[in-house]
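Contents: one structure, followed by commentary.
The values are calculated or read from the model by the stated rules, or taken from the named source; none is laboratory data. The structure displayed is predicted, hence computed values, not measured ones. Neighbour counts are summed over all protein chains in view; Cβ atoms, including those assigned to glycine, are modelled from backbone coordinates with ideal geometry. Remember, those area values only see protein heavy atoms, side chains included, never the ligands or the DNA or RNA. Shrake-Rupley method; radii C 1.70, N 1.55, O 1.52, S 1.80 Å.
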Amino acid sequence: MRQRRLFSRRRRGVESLSFGAQELRNPERELQRFRGRLAVAAAFVLVAFAALVGRFVYLQVAKHDHYRTLAETNRIAIVPIAPNRGVITDRNGVVLAQSYSAYTLEIQPSRTKNVDATIDALAGIVEVTARDRKRFRKLMEESKNFESLPIRTRLSDEEVARFAANRYRFPGVEIKARLFRHYPFGEVASHAIGYISRIHDRDLSRIAAWDETADYKGTDTIGKVGVELSYERELHGTTGVEEVEVDAAGRAVRTLSRTSPVPGNNLRLSIDIALQAAAEAAFGMRRGALVAIEPATGDVLAFVSKPGYDPNLFVDGIDPTSWQELNESPDKPLLNRPMRGAYPPGSTIKPFLALGALASGRRAPTQAYADPGFFQLPGSSHRFRDDKKGGHGMVDLTRAIVVSCDTYFYLLANETDIDDTHRFMSTLGFGKPTGFDIEGELPGILPSRDWKRQRFAGKQYREEHRKWYLGDSISAGIGQCYTAFTPAQLAHAIATIANDGVAFKPHLVKSIEDARTREVRVLEREPAYALNVKREHLDVIRNALVQVNREGTSATAFKGAGYVSGGKTGTAQVFSLKGEEYREHKVDERLRDHAWYVAYAPADKPAIALAVLVENGGFGAQAAAPIARQVFDYYLLGLKAAGPAPLFGGPTPDAEDASD
C-alpha cells in the first residue's frame, strides 16, 4: 500500500514537469508576445518622432521670426552713442565749458571675481592712485553692480597700449572712449556755470518726467547745478545708435549701421568772464557775494560767490576726500550765496524805504527832522541809538541817505505800518524770487504781521511771540530784525532804480545756438514790470545816491573816480552785543558785522548796477565799496587792479558820520 502511494506521487511529478516544459517551449505564444511588445515600441517611437517633427516645425516655421530676432540680437549689439554736450561761452565768445573725448579704464564688478585684486594687478600696468581707488569705491556704492565704472580716466596713448597687450588677463575690464566736460576757468563763475556729474536716482526721476529716458541711454552724466542744470535739455543733445556685430566673447567685430548723435545746443551767457575774474580777484580771501546787472536788459554781467569750487572735480566722480573738504568747510564753498544766502540788508534798505515814503506821501524831499542821536519809543525808556553820538542835527530825506542817519528811518518806521512797508517793498522784488533763469533761488524774508504769525505758529510759541510790535518795525526800518535779503534781490532792486523804475528779470543765458542749423536764438527779454512811482521821486533817490559817493559814506572809496556813480553802504549786525559798544577787533571774526554796498554807474546812463556783500567784513564803506570801485573801474575804464580791493581804515573824527 505504501509503495503504491509513493509510485503515484512520482508519476504525478513526472507529468507536471512534462507539462511545464511543454508550456515554456510554446513558440506560438512566445511569437505573439514578441509581436505585442514590438507594436508598443513602434508606437512609442512613432509618437516620439512625431513630437520631434512637430516641435521642429513649430520652432523652424511658426517661431522662425522670433528666434531669428534672438539670434540676431546675440550676434548684433545695439550700442547707444552719447552726444557731445553743448558748449557754454561768455558774452564775448570765450569758452567757459566744453566737452572732449578721452579713454577710460573701466571695471564691471559683476564680471570680476575680486575687484580689489584686479585693481592691484591693474596698478602694475597703469598708474592707479589712492584718489582713484577712493573715487571708485564711492561710485560702487552709488551705482548698480552691472554698470561699468571708471577706475582711471584720461588715459595716455602709452597707457592704452600697455593695457591692450595685457587685456586677456582681466575679464570684466575694458578701455572705453568717453566724453568729458572741461571748465577752463576752474573756480571762476563756478556757481553760475555749475557742473555735471554722474546720474543718480533722483536724476532718473527727472529724466522720466521729461519722457526722455531713451535719450539718456549711454549717457553717464547730467547737469547738477547752475546753468548746466537749468539748461540741461538744451545742452544734452540727442543720443545716436550703432549696430555692431559681436563675437561669442562679446567683442565688436564690425559696424553694421550707424545713426550719428546730435550734439547739444550751445549757450552764450550774459556774463563777461574778464569782469567776473576781476570781481573775484577783488574779494581776495574774503567770503561774500557780488551780482552785477545791466539795468536796461537784466543781463547778469558778473555772479560771484566766494569762496567757490573747481567744477572739474565733479566731472568723473569726486573723490571722498575732496567732497568732505568742500562739504564740511566752515567757509561753505558749495553755498550759492547770491541766490541762497539771506542776510540782513542793513542800511542798503534805506533808499528803497525812502522811495516808498515819497510814493505814499509820508515824506516830502525837503521835510527835515532833528536827530538827537537816538529814537525813544513812546511810553518806553528804551532807546534805539544812531551810529553818531549826538546825532546829525537837522536831516531831510536826501541827507538821511547820504549820511545814513538811523534816527530818520526810526521815525519813518514809527509812522509806517509794517504791512504797508511789505506791500511797497514787494514791488521791488523783495520777499520773493527775482526770476533768475537758474534753479534754487530763495525768497529771502520781507516781514509782515501775517509772516510773523506763520513763522511762530508752532505750539512751542505763545501768542505774544506771534504779535507784531512797534519795536519790530523800528528795527526793520534800518534793515535789521527779521528782514533778510539775498544779494541777487538787492542787485535787482538797485538795477530797477537805476533803470527809471523799469524792472527786468535777471538772467544768465543770452542766446542759444542750434547745433544742427547754427541758427542763433536770442532770448529777448521784456520788462517784467514798472514801479508805480513818480519820476521826480526816483530822481530824488538817485540824486541822494550820487551824493553818497561824493560826500557821504562811500566818498573815500570813490575819490578820484573817472565817472559819476550812485551807491549806498550798509552794515548788518550778526551778533547782538546787548547794548555794549561794537569794537570790531574785540569780536570773533565770524561774529563781526556783514558789509554791504549797492551801486550803479555811470549815474546819467547806468550800464552796470551791483550789490556787494562781504561776510563779517565790518563797515560797508570799508570792505564792500572798494570792491565795487574795482569792478566799475574795470568795466567802465578798463583799469585792472594789482590785487584784492583794500580794506579802508575806520572813520576819522571829522568824518565819523561816514560810517553806518
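Evaluate E = 1/(1 + (r/R0)^6) for His66 and Val241, where r is the Cβ-Cβ distance and R0 equals 30 Å; express this FRET efficiency to the nearest 0.05. Efficiency for this residue pair is about 0.85.
Placing unit charges on C-beta atoms (Lys and Arg positive, Asp and Glu negative, everything else neutral), compute the dipole magnitude of the range 78-269 about its Cα centre in debye, rounded to 20.
Details: 29 positive and 27 negative charges, 67 e Å.
Charge dipole of the range 78-269: 320 debye, to the nearest 20.
Helix 487-498 and the longest principal axis of the C-alpha atoms of the chain enclose an angle of approximately 50°.
In debye to the nearest 20, how big a dipole does the chain give about its Cα centre with +1 on each Lys and Arg Cβ and -1 on each Asp and Glu Cβ?
On the way: 89 positive and 81 negative charges, 1066 e Å.
Charge dipole of the chain: 5120 debye, to the nearest 20.
When you count the other C-beta atoms within 10 angstrom of each residue and take the mean per peptide, 356-368, 521-533, 493-505, 612-624 line up highest first as 612-624, 493-505, 356-368, 521-533. In straight-distance terms, cross-link reach from Lys388 covers every one of the lysines whose alpha-carbon lies under 29 Å from its own, apart from those fewer than eight places away in the same chain; here that gives Lys350, Lys559, Lys568, Lys578, Lys586.
What do the square roots of 5 times the Cα gyration tensor eigenvalues come to for the range 295-403, in whole Å, largest first, as semi-axes of the equivalent ellipsoid? It would help to have the intermediate numbers written out before the result.
Numbers: eigenvalues 410, 82, 24 Å².
Equivalent-ellipsoid dimensions as semi-axes: 45, 20, 11 Å.
In the chain, the portion of solvent-accessible area held by carbon and sulfur atoms comes to 53 percent [1.4 Å probe, whole percent, DNA, RNA and ligands not counted].
Here the chain was treated as a single set of alpha-carbon atoms; its pair distances binned every 10 Å from 0 give 3, 13, 19, 17, 13, 10, 7, 5, 3, 2, 2, 2, 2, 2, 1, 1, 0 percent. Its DSSP H runs of at least 4 residues, each contributing -39,500 (n - 2.57), put the calculated 222 nm mean residue ellipticity of the chain at -10500 deg cm²/dmol, to the nearest 500. Considering only Thr398, Gly618, Ala544, and ranking their Cα positions along the charge dipole of the chain that arises from unit charges at the beta-carbon of Lys, Arg, Asp and Glu, the one farthest toward the positive end is Gly618.
The angle between the Cα long axis of helix 418-427 and the longest principal axis of the Cα atoms of the chain comes to about 70 degrees, rounded to the nearest 10. For the range 330-486, the alpha carbon convex hull comes to 158 Å³ per residue, rounded to a whole number.
Let me know the number of lysine pairs in the range 418-526 closer than 20 Å at the Cα, not counting same-chain pairs under 8 apart.
On the way: Lys432/Lys452; Lys432/Lys505; Lys452/Lys467; Lys459/Lys467.
Counting lysine pairs in the range 418-526 gives 4.
Can you work out the FRET efficiency for the pair Met285 and Arg206, with r the C-beta to C-beta distance and R0 = 41 Å, to the nearest 0.05? Once the sixth-power term is evaluated, E becomes 0.65. The count of lysine pairs in the range 78-269 whose Cα atoms are under 23 Å apart, excluding pairs fewer than 8 places apart on the same chain, comes to 14.
Magnitude of the charge dipole for the range 275-658, about its Cα centre and with charges confined to Cβ atoms of Lys, Arg (+1) and Asp, Glu (-1), is about 660 debye.
State whether the range 143-225 is rounded, prolate or oblate according to the following rule on the C-alpha gyration tensor (a ≥ b ≥ c being the square roots of its eigenvalues): a/c under 1.5 gives rounded; otherwise a/b larger than b/c gives prolate, and the remaining case gives oblate.
Oblate, because a/c is 1.5 or more while a/b does not exceed b/c.
Based on the Cβ-Cβ distance from Ala51 to Gln454, what FRET efficiency comes out when R0 is 51 Å, to the nearest 0.05? Kindly include the intermediate steps, with their values, before the conclusion.
Values: r = 78 Å, r/R0 = 1.53.
According to the calculation, E is roughly 0.05.
In terms of its C-alpha gyration tensor, the range 77-236 comes out prolate, because a/c is 1.5 or above and the ratio a/b outweighs b/c. The mean accessible area for residues of the range 275-658, using a 1.4 Å probe and ignoring ligands and nucleic acids, is 42 Å² per residue. Of the residues Thr259, Val502, Pro378, the one whose Cα sits farthest toward the positive end of the charge dipole of the chain, with +1 on the Cβ of Lys and Arg and -1 on the Cβ of Asp and Glu, is Thr259.
The range 81-101 and the range 588-642 have Cα centres spaced 31 Å apart. Of the residues Val173, Gly356, Ala601, the one whose Cα sits farthest towards the positive end of the charge dipole of the chain is Val173 (charges of +1 on Lys and Arg Cβ, -1 on Asp and Glu Cβ, taken about the Cα centre).
Report the gain in length on full extension from Gln108 to Phe44: 0.36 nm times residue separation, minus Cα-Cα distance, nm rounded to one decimal. It would help to have the intermediate numbers written out before the result.
Working: separation 64, 0.36 × 64 = 23.04 nm, distance 5.08 nm.
So the chain would gain 18.0 nm between Gln108 and Phe44.
So for each of 152-163, 559-570 I average, over its residues, the number of other beta carbons within 10 Å; can you give me the resulting order with the highest mean first? Intermediate results must be reported in sequence, preceding the final value.
Values: 152-163: 15.1, 559-570: 20.8.
Top to bottom by mean Cβ count within 10 Å: 559-570, 152-163.
With a 10 Å radius around each residue's Cβ, average the other Cβ atoms per peptide and rank 460-466, 232-238, 320-326, 393-399, highest first. Walk me through the intermediate numbers first.
Working: 460-466: 10.1, 232-238: 21.1, 320-326: 14.6, 393-399: 18.7.
Descending packing order for the listed peptides: 232-238, 393-399, 320-326, 460-466.
Kindly identify the range 457-585 as rounded, prolate or oblate by the Cα gyration tensor criterion: order the square roots of the eigenvalues as a ≥ b ≥ c, call it rounded if a/c is under 1.5, otherwise compare a/b with b/c, prolate if a/b is larger, else oblate. Taking the square roots of the gyration eigenvalues as a ≥ b ≥ c, the range 457-585 is oblate. The Cα trace of the range 275-658 gives Rg and Dmax of 20.8, 74 Å, the first to one decimal, the second as a whole number.
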